[in-house]
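Below is one structure, written out as structure tokens; the observations come after it.
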Amino acid sequence: MSIAAGVSGAGQTEAGKPEARPPGAGQPEARDDRSVIISRFTRILKRPEFGALMGAVAVFVIFTFLDATPNHLWLTQAGLASWAQQSAFFGIMSVPVGLLMIGGEFDLSTGIMTGVTAIVMALLIGKLHWNAWAAIAGTMVFATIIGLINGVAVVKTKLPSFIVTLATFFVLRGASIGYVLHVNQGSTAIDLTNPHYPGLGSAKQVFGSSFAASHSLPGGYQTAVLWFIGVTALGTWILTRTTFGNWIFAAGGDATAARNVGVPVNRTKILLFLGTAWCGALVGIISLTQASSVVSEQGAGYEFYYIIAAVVGGCLLSGGYGSALGPALGACIIGMAFEGVIYANLDSSWDFTFLGGVLFIAVAVNRVFYRRALKARR
């Protein structure tokens, strides 16, 4: 065979048939993304709460330098107790609001719920003379009814949850003024001045007391901090360890696809609305047992703080992504911002300006780290 013939016959057998090649020979080998090893640092960057953690550290450091108190109380137990108490009230609500946002919905009645439930409990104890524990049970029943109304209305009417819960907000806000004025002889404040209401003492021990008192912190830390930690832990467990947590992500990511694979989307969303209502009642019970008083419209406007904390914590407004720890860290940022301005001896009228700037930076940092983490391979 000549050289020319040998060249022209390359890739053929002696019989003139094409030479058998293994599948994919001569082509670049495709890489399976599932086999790519992702570094631990990249996995941390992908966590929804990472940006909120960085923001919380930054805010704490900022107020460490701005602290204008004589003995630099920001770094003492007194400073920790002050912003931890503030953060607890925001955080108990921010966690269920974050879960609801992951599920693709909003609840604008959460702020007023914290005040209305305190009013309900105060009326049951002070006007109807219920035992405090029976009043707590009645308050939770009331919250359950409101949560069911919100949830069922959203899933049955297909109206945006923004509109449905905004209507609930106005109804509850009007009732908290009109009804209290009617039954309380023209006053918008209800006080539980009698220390001998049945069961109120033990209820205060559970919801409105303090712990870990010391020489440096005589008042101790408020029990609300423990409730905050408990709600955060429960929310994290639900999202990461239960089937219901998977349903939350699926319902918020693509409700139609979730239904097609058997996820009970409607039931999931109703339960999430119940969660925000129950936690609203918990905050109302804690606030009443601590202060022994409540006023009409208490909590109105706080729903925006809860949503902000959830967004800062990495929960997407479009749903389907987030965590429970992120909103808790977002609540800590808000608590530190409000208390830090006081410790820095700044005019309190700048609270919201400073908070807005901090939140904007926190969200921006969160988005930058998230996008870079999505592009990273190793």
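The values are calculated or read from the model by the stated rules, or taken from the named source; none is laboratory data. Values in this document were obtained by computation on a predicted structure and should not be read as measured data. Ideal geometry is used to build each Cβ from the backbone, glycine not excepted, and the neighbour counts take in all protein chains shown. Accessible surface areas use protein heavy atoms only, side chains included; no ligands, DNA or RNA. Shrake-Rupley method; radii C 1.70, N 1.55, O 1.52, S 1.80 Å.
A compact table of results
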| read-out | value |
| --- | --- |
| Heavy-atom accessible area order for GLU105, GLU297, largest first, 1.4 Å probe | GLU297, GLU105 |
| Ranked by how many other beta carbons lie within 10 Å on average, peptides 95-101, 249-255 from highest | 95-101, 249-255 |
| Between region 213-227 and region 298-333, the Cα center-to-center distance that results, in Å | 25 |
| Stokes-Einstein D (µm²/s) once Rh is taken as the Kirkwood radius of region 206-308 over alpha-carbon pairs, at 37 °C in 0.692 mPa s | 201 |
| Mean Cβ neighbour count within 10 Å, used as a protection proxy, ranking 223-232, 304-313 highest first | 304-313, 223-232 |
| For GLY220, residues with placed amide H under 5 Å, excluding near neighbours | SER214 |
| Anisotropy class of region 80-221 from Cα gyration tensor, a/c 1.5 cut | oblate |
| Rg and Dmax [Cα atoms of region 227-278; Å; Rg one decimal, Dmax integer] | 11.7, 37 |
| For region 273-355: Kirkwood Rh in Å [reciprocal of mean 1/r, alpha carbons] | 14.6 |
| Global size of region 256-304 as Cα Rg and Dmax, reported in angstrom | 16.5, 50 |
| Calculated from backbone phi, Karplus (6.51, -1.76, 1.60) coupling profile of region 105-119 in Hz, x at Gly/Pro | 10, 10, 9, 8, 9, 5, x, 5, 4, 5, x, 5, 5, 5, 5 |
